Amino acid sequence: MDDGFVRVTTLIEMHGAGAEGVGEDVTYEAEDHDRLQEAGAVHDLTRVRTLGDLGDLLDDLDLFPAPPGMEAFRDYRRWAFESAGLDLALRQAGTSLAEALGVVPRAVRFVASMRFPEPPDAERLLRSRPSWTRRRTGTTTSSTWSPAPAPSASWT
């Protein structure tokens, strides 16, 4: 990225009964990831037997070794632990989320957010053409963008 922003994530792994579950912490501040990784696995999750147990335990834990860059990051990190727990439970049960919920999987839509440099560069959007077959794009402007119409791109 042209503005020096580097996207950092941390994978949260949980193990049990020969299976592994993984969740992803998408907290935006690299320092929050660094502190978590430096602290290591400091929380005892060995007594957790159900997702409800995990949720109850997470209610009582501070998952940040130091205050996070934003309070919303607490939710992001909790979701990473919950995702790892759910993934582990599904793998231990030998099932998928769709099977567990009794639903038929369908195609999903993904959103990929990216920052634009100031001033914005529409060519960056055009160069980032996704590789899947049905695509749509949109833009969110910043207050520094001119009122001129933004270029649009659509790939099908």
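We did not get these values from a lab; they are worked out from the coordinates using the rules stated. From a predicted model like this one, the values you see are computed outputs, not experimental measurements.
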Over the residues of the range 10-101, compute the C-alpha Rg and express it relative to 2.2 N^0.38 Å.
1.09
Whole-Hz Karplus ³J(HN,Hα) for the range 88-98, in order, using 6.51 cos²θ - 1.76 cosθ + 1.60 and θ = phi - 60°, x for Gly and Pro?
4, 4, 5, 5, 4, 7, x, 9, 9, 4, 4
Under the Karplus curve 6.51 cos²θ - 1.76 cosθ + 1.60, θ = phi - 60°, whole-Hz ³J(HN,Hα) for the range 8-14, x wherever Gly or Pro sits
10, 9, 10, 8, 9, 10, 10
